Amino acid sequence: MARGAQRAGWLRRFVTTIFDRRETGIPAEKIAQIRLPAYAAQLIGMLPFAGSQAWSYDMGDNWFDRAASRYAAEADIYHAFNHHALYGLRAAKKHGAATIVERASAHPNVQQAILREEFARFGLPYPAGNRRIVAKHLQEYAEADWIMVPSEFVYRTMVAQGIPAARLRQVHLGFAPEHFYPGEKTDSVFRVIFVGALSLQKGLQYLLEGYKLANLPPERSELLVVGEPFEDARAFLPGYKGVYRRLRYVPNDELVKVYQTGSVFVLPSLQDGFGMVVYEAAACGLPVIISENVGAAVRDGEDGFVVPVRSAEAIAEKLQYFYTHEAERRRMGRSAREYVSRFTWERYQDELIEHYRAIMNDE
């Protein structure tokens with residue numbers, strides 16, 4: 001986003017937490033770093049008590065929001081992410097700026113309902129700290145001029161929860177095709193890949209069960225899980241010991257090597273506003289299986305399959321199909337690669353700037 005605004009001559013200030021100086025495309029004099037809230041949030045999130053992660057978001061994001069608001073007077077458009085925006089957008093509006101809150105996931109009421117139900121299924125208490133987070137989200141929607149969303153899935157949940165469609169602006173996210181591309185697979189293992197947080201929200205529990213139900217030959221197949229476990233993963237991971245192989249955190253610029261070893265990619269999230277890993281895997285030539293609550297655009301039956309949420313049986317069926325239909329699997333992988341190749345960051349940036357122009361012209 002910041003690089004796109006800079007490329008188009010629209011960036012006045014990029015206010016962030018911990019900035020990697022290896023990033024390019026943003027002049028150093030336009031970067032304002034506010035580091036302490038991020039460090040404090042990381043420490044709180046590591047504390048050994050239930051809900052520490054929710055409390056870390058609540059404290060760190062609010063601290064950052066208040067600190068960032070001192071830059072609001074510079075803005076003609078103040079564009080901030082959900083839960084980081086309330087104090088800044090109030091300050092920006094006092095100076096006559098247009099305000100945008102960006103929401104990356106389903107409407108928080110929808111997200112919370114899904115997660116509460118899932119936590120209850122596994123006998124887990126839902127973190128109390130999330131109530132304050134949701135309350136702030138809703139207040140930001142009430143006060144912002146515009147709400148930006150990344151997918152049709154998120155758009156639908158917002159409208160269903162009473163957000164006027166006229167206040168929503170949808171921008172299709174992208175990926176870096178220069179970093180993700182097919183490679184030569186060096187073995188004959190049918191490898192199913194998952195990349196993301198090991199959590200109830202990502203639906204990993206249904207992939208594990210689906211893979212188990214598929215009953216693929218163990219000497220010729222493998223489920224590879226890449227990511228770090230959330231606290232709630234303790235409720236299901238121990239029951240699938242030996243079903244999967246896990247890689248810990250893999251830097252984004254090295255994920256291509258993981259995807260290139262795969263046969264199919266699966267993201268069965270209970271809700272996922274976009275799911276960038278879907279496009280990254282598809283760009284490497286993998287057909288994908290996603291749930292209906294993943295925002296990434298996938299053409300069912302062409303680039304892979306879209307399955308019902310919480311359906312281990314549907315995942316098992318599609319895995320068996322791909323295992324026994326190699327030609328179709330390869331065809332869908334090629335189709336997926338060709339389809340997602342258009343969704344570059346440059347295209348995203350062009351869409352973003354068009355929205356900025358429309359907002360400034362009161363369109």
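What to note about this one:
- For region 190-340: Kirkwood Rh in Å [reciprocal of mean 1/r, alpha carbons]: 14.9
- In this label model, residue 168 and residue 95 are separated by 3.1 nm, measuring between points 7 Å along each Cα→Cβ vector.
- Geometric descriptor of region 25-115, per residue, is 123 Å³ (volume of the convex hull of the Cα atoms).
- Local charge for residue 29 was computed over the other residues whose Cβ lies under 14 Å away, with Lys and Arg +1 and Asp and Glu -1, and equals +3.
- C-alpha long axis of helix 326-340 to longest principal axis of the chain, angle in °: 10
- For the chain, the 222 nm mean residue ellipticity estimated from helices alone, with every DSSP H stretch of n ≥ 4 adding -39500 (n - 2.57) and the total spread over all residues, rounds to -12500 deg cm²/dmol.
- Projected label distance in nm at residue 241 and residue 212, using a 7 Å step from Cα toward the beta-carbon: 1.3
- Look at where the Cα atoms of region 264-298 and of region 302-331 average out, and the two centres are 13 Å apart.
- Local electrostatic count, residue 253, Cβ distance below 14 Å [Lys/Arg +1, Asp/Glu -1]: -3
- Temperature 20 °C, viscosity 1.002 mPa s: under these conditions the Stokes-Einstein estimate for region 163-215, based on its Kirkwood radius over C-alpha pairs, is 137 µm² per second.
- Computed from Cα positions, the angle between helix 52-68 and the longest principal axis of the chain comes to roughly 30 degrees.
- Sequence of 202, 241 once ranked by neighbouring C-beta atoms within 10 Å, starting from the fewest: 241, 202
- Between 0 and 90 degrees, the angle of helix 36-45 with respect to the longest Cα principal axis of the chain falls at about 40 degrees.
- Cα-centre dipole for the chain with unit charges at Cβ (Lys and Arg positive, Asp and Glu negative), debye to 20: 600
- Cα convex hull, region 50-92: 47 Å³ per residue, rounded to a whole number.
- Electrostatic bookkeeping for residue 133 treats Lys and Arg as +1 and Asp and Glu as -1; over the other residues with beta carbon under 15 Å from its beta carbon, the sum is +1.
- Fewest-first ordering of 76, 253, 20, 303 by other beta carbons within 10 Å of each residue's beta carbon gives 20, 253, 76, 303.
Bear in mind these aren't lab numbers, they're just calculated from the coordinates by the rules spelled out. None of these values were measured; they are calculated from a predicted model. Cβ coordinates were reconstructed from backbone atoms using ideal geometry, including for glycine residues, and neighbour counts include every protein chain displayed.
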